[in-house]
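Right, one structure below, let's go through it.
The values are calculated or read from the model by the stated rules, or taken from the named source; none is laboratory data. Just so you know, these numbers come straight off a predicted model, no measurement behind them. Methodologically, a virtual Cβ is constructed for each residue, glycine included, from the backbone with ideal geometry; neighbour enumeration extends over all protein chains shown.
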């Protein structure tokens with residue numbers, strides 16, 4: 001066997017140390033694996049993100065709003081938009097005067113409590129009321145009896161288009177709402193006022209014009225479709 005010349009030996013050594021070629025199939029397979037891993041991680045992230053939102057009670061009715069459990073009066077929604085069968089009514093919530101009632105109202109909105117609620121009592125030039133007509137109590141004395149006997153006088157000290165609820169003990173089944181359509185004397189003695197209408201007064205007036213029976217119950221259904229909360233309008 002002949003001896004290999006030094007120059008040929010050097011060339012042969014360089015060829016042996018050269019990097020092995022990677023096939024095109026291996027490159028494509030590697031890229032596919034990377035893509036699958038990335039998509040899997042993204043899908044997992046979206047799943048847990050949505051689940052955490054459900055656990056916190058996130059609701060599409062709340063825009064620009066943090067969770068009630070960690071919120072204070074400065075970052076709670078400032079406005080409630082009542083979508084009714086007659087149009088929209090925008091209410092500015094009074095978080096300083098009635099913080100507990102506002103918080104209760106927001107929680108009920110989040111649960112969809114007011115969705116489909118009818119205005120079951122409509123008294124022209126006085127008030128419209130939404131809630132459970134089977135639970136009247138003190139509200140009946142104030143609205144029906146007082147108005148029918150002309151015992152309640154109006155006063156310029158109290159504005160019209162105020163949003164309130166009765167002073168009865170509230171739970172998730174008997175929270176009623178009132179929107180006044182005229183200034184009412186002694187309003188704060190009968191209601192907890194927690195907001196005022198800032199847009200949609202004409203809608204309130206249209207609702208109070210509906211035909212009612214002798215008990216002030218509308219002859220045709222009129223009510224709240226849903227309520228949307230907003231920080232700004």
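Is it the case that region 90-112 has a residue that's in contact with a helix residue (DSSP H, G or I) (Cβ under 9 Å, 6 or more places away or on another chain), within 27 Å of residue 215 (Cβ to Cβ), buried (at least 21 other Cβ atoms within 10 Å of the Cβ) and in contact (Cβ under 8 Å) with a residue 40 or more places away in the chain? No: zero hits.
Looking at this structure, is residue 74 part of a loop (DSSP other than H, G, I, E, B), surrounded by 14 or more Cβ atoms within 10 Å (Cβ to Cβ) and modelled with pLDDT under 60? Talk me through it step by step, then tell me what you get.
Numbers: part of a loop (DSSP other than H, G, I, E, B): yes; surrounded by 14 or more Cβ atoms within 10 Å (Cβ to Cβ): no; modelled with pLDDT under 60: yes.
The answer is no for residue 74.
Restricting to region 181-209, name every residue that is touching a helix residue (DSSP H, G or I) at 6+ places or on another chain (Cβ under 7 Å) and either part of a loop (DSSP other than H, G, I, E, B) or within 13 Å of residue 122 (Cβ to Cβ) (or both).
From region 181-209, those touching a helix residue (DSSP H, G or I) at 6+ places or on another chain (Cβ under 7 Å) are 181, 190, 192-194, 197; that's our starting set.
The one that is touching a helix residue (DSSP H, G or I) at 6+ places or on another chain (Cβ under 7 Å) and either part of a loop (DSSP other than H, G, I, E, B) or within 13 Å of residue 122 (Cβ to Cβ) (or both): 181.
Of the residues examined, residue 199 is not one that is modelled with pLDDT under 95 and in the same structural domain as residue 98 (by TED's automatic domain parsing).
Could you check, for region 146-160, whether at least one of its residues is closer than 30 Å to residue 110 by Cα and at pLDDT 90 or above? Yes, that holds for at least one residue.
In region 210-219, the condition of being in the same structural domain as residue 118 (by TED's automatic domain parsing), buried (at least 21 other Cβ atoms within 10 Å of the Cβ) and part of a strand (DSSP E or B) is met by no residue.
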